[in-house]
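Remarks on the structure that follows.
The values are calculated or read from the model by the stated rules, or taken from the named source; none is laboratory data. Remember, predicted model here, so these are calculated numbers, not experimental data. Cβ atoms come from the backbone with ideal geometry, glycine included; neighbour counts cover every protein chain shown.
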Amino acid sequence: MLTNTVKLRGDATFDDAIELTVAAGELDGAAVVTGAVPDVGATLNALSVALEVAGRPVIVLPGALPAYRTVRAGNSGPDVVQVKEALRASGFDPGSSDTYDAATAAAVAAMYEKAGYAAPAVDSAAASALEAAEGAVAEAAKALAAAQRELAAAAKGPDQARRVELDNAVKEAQRELAAARSAGEPAAIDRAEDAVVLAQTQRDVALAAPDTASEAAAVAAARTELSASQTALETARQAAITPLPANEVQFLPTLPRRVDEVRTERGKTLDGAALVVSGATLSITAEAGSADAKLLRAGQKATVELADGSETDAAVGTVTPQTAKDGDKNKTGARWDVTLALTSPRPQQIEQLRGQSVRVDIPVSATDGKVLVVPAAALSAGPGGETRIEIATGRETRVVPVETGLAAEGLVEISGKITAADRVVVGR
């Protein structure tokens, strides 16, 4: 089998190292490390606790923008967008708005629960305002209930006993009128008739629909006050949602990350960077000429030579042309950057490759099984442009036309009226 292989030199590196520094954030006292100090070589993923400071976690999230403020209710901006994207990428639903709202706060609280810590405390002023708003709603509800009871009582009118009493007064006046008429005394009759009219009028007035305008107005005012209190309560609740302190989150542009250096320990007060982390995935970066680059494609299998001479498998990742800089004599595309990723390296192999310049072999084509090959110098061109070789038979030679195939490492695949036993003339 004949194989055409692109051979390159590449550098084995991790992503650039980053110093992990904890922001001041909401810390009231000294930034004392209380736990969760990782070992060198540990891997940090999204939601990993990189460190515990003053009893609170420093949670790792994906993102390129450093945490520069504590985000609270109503905040917006690129940092809030990044928080939402990081939460969403980590499996939480922060809501669809561009502001830090109740949905975002709920996602943050869920993140802390998954990390094994209580959610950050709400600002004391916001907590006090919420308590006061809840009290105002309770009082407004009581006032409305009292006003509604007064309206209901006023709307009832006189009870049954009062109704009977009023009816009896009319009947009594009518009986006195009848007696006066029987006696035939005009003055007594006039007085009795007036008494009947008065009793009937008093009954009609007492039994008429009661005037509840003032009580109804009191109910409307109480209902308005309750609505305003409920609106204020919702505002207070929004202001009192779970914040995300700047000192309790660490955004890293690529994950996972490998801990290269630990500069602190439990019980120590933080001063400067606590950790140095680099990319956890080793990659090979090589450079190729345009001719080789044209043969390369993402996903092609490759092998990387280790320091001990053994090899490990890899695959081509990207093949991108270099851009010519000002004053650069090389044209854009004359040189290409090639990245490769190791397929399944063992930890010992990663350590061998770390920071090394390595040889990379990338097979780009191969024949299907065994084929006849000759040195490239054995080929010549005929008068009609055909490709031919010269075969030696004793002291005689004869020219035989052939078809060529794959060429690699100075050899060329051929086919035609030739066998493996034939001897070819080279270099004439």
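With the condition kept exactly as written, say whether any residue in the stretch 234-244 is in contact with a strand residue (DSSP E or B) (Cβ under 9 Å, 6 or more places away or on another chain) and either surrounded by 14 or more Cβ atoms within 10 Å (Cβ to Cβ) or farther than 30 Å from Ile59 by Cα (or both). Scanning the stretch 234-244, I find at least one residue that is in contact with a strand residue (DSSP E or B) (Cβ under 9 Å, 6 or more places away or on another chain) and either surrounded by 14 or more Cβ atoms within 10 Å (Cβ to Cβ) or farther than 30 Å from Ile59 by Cα (or both), so the answer is yes. Among the residues of the stretch 330-369, the ones that are among the basic types (Lys, Arg), under 23 Å from Glu311 (Cβ atoms) and at pLDDT 85 or above come to 1 in all.
Applying the criterion of being among the small types (Gly, Ala, Ser) and buried (at least 20 other Cβ atoms within 10 Å of the Cβ) to the residues of the stretch 246-278, the residue that is farthest from the chain's Cα centre (by Cα) is Ala274. Looking at the stretch 291-308, I want the residues that are within 17 Å of Asp11 (Cβ to Cβ) and have a partner that is part of a loop (DSSP other than H, G, I, E, B) and not β-branched (Val, Ile, Thr) with Cβ atoms under 9 Å, at least 6 apart or on another chain. Which pairs are those? Qualifying pairs under 9 Å: Val304/Pro345; Leu306/Gln356; Ala307/Gln356.
Name the residue that is modelled with the highest pLDDT, counting only residues in the stretch 315-329 that are outside any strand (DSSP E or B) and farther than 15 Å from Asp292 by Cβ. The qualifying residue modelled with the highest pLDDT is Thr323. Exactly one of these conditions fails for Ile59: (1) in a loop (DSSP other than H, G, I, E, B); (2) in contact with a strand residue (DSSP E or B) (Cβ under 8 Å, 6 or more places away or on another chain); (3) of a type outside the set (D, E, K, R). Give me its number. All conditions are met except number (1). All told, Gln300 meets the bar of being surrounded by fewer than 19 Cβ atoms within 10 Å (Cβ to Cβ), of a type in the set (S, T, N, Q) and in the same structural domain as Thr318 (by TED's automatic domain parsing). Do the conditions hold for Ala86, that is, is it at pLDDT 90 or above, closer than 24 Å to Thr235 by Cβ, assigned to a helix (DSSP H, G or I) and assigned by TED's automatic domain parsing to the domain that holds Ala36? Criteria not met by Ala86. Quick check on this structure: which one of Glu305, Glu311, Glu287, Glu265 is at pLDDT 85 or above and in the same structural domain as Gln250 (by TED's automatic domain parsing)? Being at pLDDT 85 or above and in the same structural domain as Gln250 (by TED's automatic domain parsing) holds for just one of Glu305, Glu311, Glu287, Glu265, which is Glu265. Taking the stretch 96-137 as the range and being outside the structural domain of Ala50 (by TED's automatic domain parsing), over 13 Å from Ala240 (Cα atoms) and free of Cβ contacts under 8 Å to residues at least 12 places away in the same chain as the test, only Gly135 passes.
Of all residues in the stretch 188-232, those satisfying the criterion of being part of a helix (DSSP H, G or I) and among the polar types (S, T, N, Q) are Gln200, Thr201, Gln202, Ser214, Thr224, Ser227, Ser229, Gln230, Thr231.
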